[in-house]
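The values are calculated or read from the model by the stated rules, or taken from the named source; none is laboratory data. From a predicted model like this one, the values you see are computed outputs, not experimental measurements. All Cβ positions, even for glycine, are placed from backbone atoms using ideal geometry, and neighbour counts span all protein chains on display.
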2 protein chains.
Amino acid sequence: MTKKNKHISALNEQGGVPDPEITNAAHIAFIKQKRKKQLSAKALTAAIIKGDITALSRAITLVESQNPEHYKKASAIIQRCLEHANASTRIGITGVPGVGKSTFIEAFGSYLTTLGKKVAVLAVDPSSTVTKGSILGDKTRMEALVNNPNAFIRPSASGNALGGVARKTREAIILCEAAGFDTIIIETVGVGQSETAVHSMVDFFLLLKLAGAGDELQGIKRGIIEMADAIAINKADGDNIKAAKLAKVEFNRALHLYPQKASGWTPKVTLCSALKHEGIDKIWELLSAYITQTKSNGFFEHHRQEQNKFWLMQTIEEQLNQRFFNHTKIKTALAEQLALVAQNKTTPFAAAEYLLALEKAL
Amino acid sequence: MTKKNKHISALNEQGGVPDPEITNAAHIAFIKQKRKKQLSAKALTAAIIKGDITALSRAITLVESQNPEHYKKASAIIQRCLEHANASTRIGITGVPGVGKSTFIEAFGSYLTTLGKKVAVLAVDPSSTVTKGSILGDKTRMEALVNNPNAFIRPSASGNALGGVARKTREAIILCEAAGFDTIIIETVGVGQSETAVHSMVDFFLLLKLAGAGDELQGIKRGIIEMADAIAINKADGDNIKAAKLAKVEFNRALHLYPQKASGWTPKVTLCSALKHEGIDKIWELLSAYITQTKSNGFFEHHRQEQNKFWLMQTIEEQLNQRFFNHTKIKTALAEQLALVAQNKTTPFAAAEYLLALEKAL
């Protein structure tokens, strides 16, 4: 091919053919126009305080992001939201899969909105991933609540470390409160350590159980009954009512195994049928009585401050441990020391001292 | 008074008056001879391994000492004792005051010595001081065991920090084992966090309870039933037997509230009367069955290694926290940050980050 021939190549015959869409300047302008505006922390906060749900969602996404820039922005928003937060009632709800948590939250949340409440539903589920189908992930199970203008539903932040997920949820609570939600429901599954984390971020902890035989009492996660301020026996309808009443007696007996709570509140057992919307009002009555009692005896505020202190100390401890155990040299030395302990050649205390001295010298 | 007069002062008339005892050279030599010899770590260890109780007591005193030199020597002894340790059965015993712990341990320990066992009894009671009368402090309550050549009783190390007391007890266990004690009983009171500490240093955990009405079930420390491998209802004699049998049913029900233990062992409830030496053999039978089962399924050794790992990690965590929170600047800043959190001006997480950054810059 000669230079002369070049100009007659078909490849240069573009007359009448428009640029492909993606390089079309007009189209790019159109896409940019449609794209979400990157609001500043200040602007996002202002929108959240006005109750803008889109702004709230975006801020929670920033909280959940792994991107340090996003997290910095999220921190600035939370800082600004703080003075508008903390005025809500925070309710933890747990129960094993199959107990009807989604149906219950849908019924309970909808009922609360009829009382004029604004309800935000969050979840703590460290094991959840998009593919595994996290709790609340399938919003179709809460259709009525999803479409309710006074409700906001957000699935669990993903992540395998409970500490991280719990922190994100704590921060999401602040954002929801700043957006005007006065009732925050935190859902968690009835397995693992997540109940303890949820218990330490709510004012009231509700355990959902099923009516059933004595078998039902087995398999209760250690310590969960102890954390409960109330146990609601769900699906107490139709042929189930008799069993539910029996279960109520059993659970009342179980609750008596524990000493008086610091709140001064005596945990209650109640029956409900989320499906038939029965007994839901009773649970709210209970909860209101709890809030009134603990606000008047000072426990409510005291408890929140204790929770704050717990999270502060917890975060420091976690970070100190991470700093320590993330040293490559410490990792190697820890494995060696554990082997020596197992071989009965050193004590756990001497091994710990060795590792602490090693880290100090690093 | 003139210089001349000085020599006739009665103060100089000492002829015929011997030196006071304390400056009498012969008496000093006598005291020195009586004084305990300061054996080296090597010599003390050799004596311990031969089963010398005096040497064992001295080594435990070194472990308990606040003097760093003593502790250094103690560490050297423990290190030398390690290869002779770990072959015992470690039993934790707890129960509220009044349940008859001393009488039970006296009966149980004496029974074990009739089986040819060598029994060491230690205690964990962080709140004990000499004046307050620590558990086991009053050895007269265990007269038979105290005078038994195959038993060794040692009151709780003093100190307010559970971590320190627990560590000293763990180290005393090693020393007792090296001295040939094949059964170690660790007593603790039924209050506070000390049960958890004891639970993490024993193979088998026994809860002593009293026969009684439903009231008895109240006031059970949270989580203690859960830790128990067996519950022995003491004072099950005379008019008490019926109530004790009822209590057995109640406790069996309570035990069923908890899921299967990792050991594969189903906790048992049994009756006894320590005073009448009844049912004591049953408890040893139970315990032997537990040891056989957990040794054959591998849990016994696995559990000990998990305990070692727990103590190693626990010690590191404690020390890291101490290092951190002992900085004067951190103390001041922590108080400030907590106040800001309480005033809703910062979050626990932001406060924690601030403190961590502050410490890193120190």
Within region A:345-362, restricting attention to residues that are free of Cβ contacts under 8 Å to residues at least 12 places away in the same chain and loosely packed, with under 15 Cβ neighbours inside 10 Å, which residue is nearest to B:Leu82 (Cα to Cα)?
A:Lys345
Single residue of region B:114-172 satisfying the filter (buried (at least 21 other Cβ atoms within 10 Å of the Cβ) and among the polar types (S, T, N, Q)) that is modelled with the lowest pLDDT
B:Ser128
Contacts under 8 angstrom Cβ, first residue in region A:57-69 being in a loop (DSSP other than H, G, I, E, B), partner surrounded by 13 or more Cβ atoms within 10 Å (Cβ to Cβ), 6 or more apart
A:Ser65/A:Tyr71; A:Ser65/A:Ala74
Just to check your reading of the model, which residue among A:Tyr290, A:Tyr258 is within 26 Å of A:Ala244 (Cβ to Cβ), among the hydroxyl-bearing types (Ser, Thr, Tyr), touching a helix residue (DSSP H, G or I) at 6+ places or on another chain (Cβ under 6 Å) and assigned by TED's automatic domain parsing to the domain that holds A:Leu246?
A:Tyr258
Filter region A:315-335 for residues that are surrounded by 14 or more Cβ atoms within 10 Å (Cβ to Cβ) and not aliphatic (A, V, I, L, M) and give the result.
A:Thr315, A:Glu317, A:Glu318, A:Gln319, A:Asn321, A:Arg323, A:Phe324, A:Phe325, A:His327
Just one of A:Ile53, A:Ile93, A:Ile78 is in contact with a Phe, Trp or Tyr (Cβ under 8 Å, 6 or more places away or on another chain), outside the structural domain of A:Glu301 (by TED's automatic domain parsing) and in contact (Cβ under 8 Å) with a residue 24 or more places away in the chain; which is it?
A:Ile53
A:His302 passes all but one of the listed conditions (1) surrounded by 15 or more Cβ atoms within 10 Å (Cβ to Cβ); (2) of a type outside the set (D, E, K, R); (3) assigned to a helix (DSSP H, G or I); (4) in the same structural domain as A:Ile91 (by TED's automatic domain parsing); the exception is number (1)
Of the residues in region A:258-269, those that are β-branched (Val, Ile, Thr) and crowded, with 18+ Cβ neighbours inside 10 Å come to A:Val269
Could you pull out the residue among A:Leu287, A:Leu312, A:Leu275 that is free of Cβ contacts under 8 Å to residues at least 24 places away in the same chain, of a type outside the set (Phe, Trp, Tyr) and surrounded by 15 or more Cβ atoms within 10 Å (Cβ to Cβ)?
A:Leu312
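Conditions (1) part of a helix (DSSP H, G or I); (2) more than 12 Å from every other protein chain (Cβ to nearest Cβ); (3) at positive phi, marked per residue:
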position	(1), (2), (3)
B:Gln260	no, no, no
B:Leu275	no, yes, no
B:Lys282	yes, yes, no
B:Met313	yes, no, no
B:Leu320	yes, no, no
B:Ile330	yes, no, no
B:Leu338	yes, no, no
B:Val341	yes, no, no
B:Phe349	yes, no, no
Looking only at region B:56-75, decide whether some residue is surrounded by 12 or more Cβ atoms within 10 Å (Cβ to Cβ), more than 14 Å from chain A (Cβ to nearest Cβ), touching an Asp or Glu at 6+ places or on another chain (Cβ under 8 Å) and at pLDDT below 90.
no
Can you go through B:Arg90, B:Arg80 and tell me which one is in a helix (DSSP H, G or I) and crowded, with 16+ Cβ neighbours inside 10 Å?
B:Arg80
From the set of residues in region B:184-212 that are farther than 21 Å from B:Gly279 by Cα and out of contact with any strand residue (DSSP E or B) (no Cβ under 8 Å at 6 or more places or on another chain), which is modelled with the highest pLDDT?
B:Ser200
Does A:Leu362 meet the test of being among the hydrophobic types (A, V, I, L, M, F, W, C), more than 27 Å from the chain's Cα centre (by Cα) and within 12 Å of chain B (Cβ to nearest Cβ)?
no
